[in-house]
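Student: Let me begin by handing over the structure; questions about it come next.
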Amino acid sequence: HGPLSTTITGLAADSKGTLWVGTPIGLSKRSSDGTWTAMRGRDGLPYEDITCLTVDKNDRLWIGASMGVIQYRPYETGRQWFYRQGKRYLPADKVTAITVSPDGANVYAATPAGIGIINVVKTTLLERAQTIEKLINERHRRYGLVAECVLNDPLYPTTHHIDDNDNDGLWTAYHVAAMSLAYGATKDTAAKDSAKESMHALYMLQNASGVPGLVARSVLPPEQGAQRDADRPEEKRQWRKTPDGKMYWKSDTSSDEIDGHFLAFYAYYEHVAQHEPEEKKLCIEQCKKLIDYLVDNNYQLIDWDGERTRWGFWNPESLNGGPRDFAENGLNALQMLSFLRTSYRVTGDDKYMKHYKTLIMDHHYLSNTLLSKKEWPDENNHSDDQLGYVAWYPILQLETDPVIRRALTQGVRRHYRIVYPEKPSFYAFVTATVDPSQVDITGAIENLIDIPTDRRVWEQKNAHRADVEQLWRPNRFGKPALTRVVPADERVFQKWNGDPYTPDDGGDGRVEDDGAAFLLPYWMARYHGFIAESQ
């Protein structure tokens, strides 16, 4: 019949006659009828050591804590708790005083490192997409490839640089697909031009090795590439000169990159290339090089030295007969079927459909896709989720045979039920293109809303929170994991291969993600009608 503690750290009254009381062990409220209620971690309060609080004009409670700021919306439906911690939001975590401007537009939080200001603004998802795309073109392109950059100063950046990345092709493919879909949805020529720049960067990777179909992981200028493997024998160097000597290309390309290249082939051809004769001719030519190289080498990616790359295998002997490769047999079978179905769409060559049907009829690749997502007692591989959905999207749009389509729908439905608790917008919208009744569209849109437009990678901590529980075992990298996923604006979100259950992650804000992981599900949802332009 009173507050949680006799130590009172904050008092505020709202327009409904409710008195809010902050204490070091949680939040209490006294309703207008005199009833007392307590709220702690189990009730949704992210952090219990409250230091101060205030109420804004909308009866939203702003709570300062010894570690962060909390917003609580007691009279609203939907998400009610918002936790703001780390330098994305505050100069220091300990908040000693908090107030809101009369118009509700600014929240001021006093900390030992100075005053932090949180601006409360309204925007649309389209405006956020435009902001991210503008930033990509300003400081996230290297040779046309789309990649994260490193800022000289995270708060006041004046310069930046972009390093090579083993997945340059995959991350750029995100962007090709996103802007191709953007053009499909809006017919905006700027979107088409942006997709074209990214696609031609992928062509550069496809041609860098000089071996038709052998894709490079990344490229570097000669002065950098020559230094990367300088201390290794020639035969063991990953970085090698391009035939014209103008660049170095990185070998041992993974299935990840090939997966991305075929997603890009599909989306770019479907929305851009097939409508422009020169682009169509080039897209067909590049697609044939890549798929022929895989097919002619028994569905394997053979490197410059004649050996298969570490992860470049989709052949029946490995997927159906190799115990070590059991974890990949569903995912890689799905990938190869998607590659072949995409290649048939782009080139119109019947031989790819023949390979497609042979793998289904003689090597049960379609059956393998029913278990494309492997679940282990001690491992949840989020990279496999990403790679699966990169492959799911093209084949689900293209396949019309009712028997094959039914199996594919069963496979993607099962995969989605595993990732469903994460509210993953990309995976949800892909699944919804064939099975909308089984998908949490609202949750997917919430996920898009929560992904920060600010793509700097700030440290975010959640292990200390009162409203979460830690899983009894670590994740596949040996790091702690939570039993539930907190919203994307309260954790580090970069790419779709990240583990969203990781409680503590991030850095000092100098690394800035490119944001294509937001653009891809957004423009997919726009093109397929799950999100309106004004939303």
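Student: For the range 160-206: of the residues being of a type in the set (S, T, N, Q), surrounded by fewer than 19 Cβ atoms within 10 Å (Cβ to Cβ) and in a helix (DSSP H, G or I), which is nearest to the chain's Cα centre (by Cα)?
Tutor: Going through the qualifying residues, I end up with THR186.
Student: Go through (1) at pLDDT 95 or above; (2) surrounded by fewer than 19 Cβ atoms within 10 Å (Cβ to Cβ) for ASN475 and report which single condition fails.
Tutor: That leaves (1) as the condition not met.
Student: Restricting attention to the range 527-535, does a residue exist that is touching a strand residue (DSSP E or B) at 6+ places or on another chain (Cβ under 6 Å) and either closer than 20 Å to GLY478 by Cβ or crowded, with 22+ Cβ neighbours inside 10 Å (or both)? I'd like the intermediate steps shown before the answer.
Tutor: Within the range 527-535, the subset touching a strand residue (DSSP E or B) at 6+ places or on another chain (Cβ under 6 Å) is none.
No, because not a single residue in the range 527-535 is touching a strand residue (DSSP E or B) at 6+ places or on another chain (Cβ under 6 Å) and either closer than 20 Å to GLY478 by Cβ or crowded, with 22+ Cβ neighbours inside 10 Å (or both).
Student: Limited to the range 108-132, what total is found for residues that are out of contact with any helix residue (DSSP H, G or I) (no Cβ under 9 Å at 6 or more places or on another chain) and among the aliphatic types (A, V, I, L, M)?
Tutor: Of the residues in that region, 8 qualify.
Student: I'd like the full set of residues that are in contact with a Phe, Trp or Tyr (Cβ under 7 Å, 6 or more places away or on another chain), in a strand (DSSP E or B) and either closer than 26 Å to ILE117 by Cβ or at pLDDT below 95 (or both), limited to the range 28-54.
Tutor: LEU53, THR54
Student: Right, something else. Residue check, GLY213 against (1) in contact (Cβ under 8 Å) with a residue 60 or more places away in the chain; (2) touching a strand residue (DSSP E or B) at 6+ places or on another chain (Cβ under 8 Å); (3) over 22 Å from HIS140 (Cβ atoms), all met but one. Which one?
Tutor: It is condition (2) that GLY213 fails.
Student: Within the range 1-14, is there a residue that is in a loop (DSSP other than H, G, I, E, B), over 29 Å from PRO112 (Cβ atoms), touching a Ser or Thr at 6+ places or on another chain (Cβ under 7 Å) and modelled with pLDDT of 95 or more?
Tutor: No: the range 1-14 contains no residue that is in a loop (DSSP other than H, G, I, E, B), over 29 Å from PRO112 (Cβ atoms), touching a Ser or Thr at 6+ places or on another chain (Cβ under 7 Å) and modelled with pLDDT of 95 or more.
Student: Taking GLU328 as the residue in question, decide whether it is buried (at least 19 other Cβ atoms within 10 Å of the Cβ) and charged (D, E, K, R).
Tutor: It is true that GLU328 is buried (at least 19 other Cβ atoms within 10 Å of the Cβ) and charged (D, E, K, R).
Student: Another one. Open to solvent by 20 Å² or more (accessible area, probe 1.4 Å) and under 22 Å from THR172 (Cβ atoms): is that true of LEU282 in this structure?
Tutor: Answer is yes for this residue.
Student: Filter the range 446-457 for residues that are open to solvent by 20 Å² or more (accessible area, probe 1.4 Å) and assigned to a helix (DSSP H, G or I); which is nearest to LYS87 (Cα to Cα)?
Tutor: Only one residue tops the list, namely ASP450.
Student: While we're on this one: Restricting to strands (runs of 3 or more DSSP E) lying wholly in the range 218-313: which have 3 or more residues that are of a type outside the set (Val, Ile, Thr) and in contact with an Asp or Glu (Cβ under 8 Å, 6 or more places away or on another chain)?
Tutor: Strands (runs of 3 or more DSSP E) meeting the threshold: 308-313.
Student: Still on this model: Can you tell me which residues in the range 462-519 are over 22 Å from ARG79 (Cβ atoms), among the aliphatic types (A, V, I, L, M) and touching a residue at least 24 places away in the same chain (Cβ under 8 Å)?
Tutor: Those that are over 22 Å from ARG79 (Cβ atoms), among the aliphatic types (A, V, I, L, M) and touching a residue at least 24 places away in the same chain (Cβ under 8 Å): LEU471, VAL511, ALA516, LEU519.
The values are calculated or read from the model by the stated rules, or taken from the named source; none is laboratory data. On a predicted model such as this, the values are computed, not experimentally measured, just so you know. Positions of Cβ are backbone-derived with ideal geometry, glycine not excepted, and every protein chain shown enters the neighbour counts. Ligands, DNA and RNA are stripped out before the accessible areas are found, and what is left, the full protein with its side chains, is counted by its heavy atoms. Shrake-Rupley method; radii C 1.70, N 1.55, O 1.52, S 1.80 Å.
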